1. Give all pairs with beta carbons closer than 7 Å in which a residue from segment 101-120 that is more than 18 Å from residue 139 (Cα to Cα) meets a residue that is of a type in the set (S, T, N, Q) and at pLDDT 95 or above; count only pairs at least 6 apart in sequence or on separate chains.
2. Here is a list: 56, 71. Which entry is modelled with pLDDT under 95 and either open to solvent by 40 Å² or more (accessible area, probe 1.4 Å) or within 20 Å of residue 153 (Cα to Cα) (or both)?
3. Return the residues of segment 109-153 that are part of a loop (DSSP other than H, G, I, E, B) and in contact with a strand residue (DSSP E or B) (Cβ under 7 Å, 6 or more places away or on another chain); say none if nothing qualifies.
4. What number of residues within segment 99-137 are farther than 22 Å from residue 62 by Cβ and open to solvent by less than 60 Å² (accessible area, probe 1.4 Å)?
5. Condition test on residue 82, is it surrounded by 13 or more Cβ atoms within 10 Å (Cβ to Cβ), in a helix (DSSP H, G or I), out of contact with any Ser or Thr (no Cβ under 7 Å at 6 or more places or on another chain) and among the small types (Gly, Ala, Ser)?
Amino acid sequence: MGAKKWAAATLMTAGALAACAVPNQGTATPAVAVAAPPNTIVIQPPAVAAPPQTVYVAPSVPVAQTVIAFYDAINRRDFPTAWNLGGQRLAKGGTFASWASGYATTSWTVVTVRNVRGNTVHVDLSARQTDGSLRTFSGSYTVSGGTITGANMKRVS
């Protein structure tokens, strides 16, 4: 970020503009306060790129909100919430610890709801890994009673 240039203000004196300059002998010089530039905060990028800003695509449909909440919880590393939103069903009998450890190399995810048909939410998913690679998936989730009850996701890349 470049430094901001600050200009001195001109003063109105007796109806005429006069620039701040060396005053004439014996003439009172008005004091001019120039505000210091605001504090600058430099934010260093994280080791792995941060997720893009989450944009929710019009799903006021509760089944879509469940899928979005599931991935939001994963992004926040709130695995107990994600487990309760459907991780337990997706783990297919596995333990919470085993399921949660499956996200150990995932930095963040972005889910895009393509459409909703009944209780099926069709999505595209991008998952940035801790090594910087990106995995993409496409498919659907089935939601019932505010919980993901099934998934049919295929890895695209």
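1. Listed by first residue and then by second, the contacts come to 105/129; 105/130; 106/129; 107/129; 107/130; 108/75.
2. Going through 56, 71 in turn, the sole match is 56.
3. 119, 130
4. Residues flagged as farther than 22 Å from residue 62 by Cβ and open to solvent by less than 60 Å² (accessible area, probe 1.4 Å) within segment 99-137 amount to 15.
5. Spelling it out, residue 82 is indeed surrounded by 13 or more Cβ atoms within 10 Å (Cβ to Cβ), in a helix (DSSP H, G or I), out of contact with any Ser or Thr (no Cβ under 7 Å at 6 or more places or on another chain) and among the small types (Gly, Ala, Ser).
The values are calculated or read from the model by the stated rules, or taken from the named source; none is laboratory data. These figures come from a predicted structure and were not determined experimentally. Every residue, glycine as well, gets a Cβ built from its backbone with ideal geometry; the counts of neighbours run over all protein chains shown. Accessible surface is based on the protein model in full, side chains and every heavy atom, while ligands, DNA and RNA are left aside. Shrake-Rupley method; radii C 1.70, N 1.55, O 1.52, S 1.80 Å.
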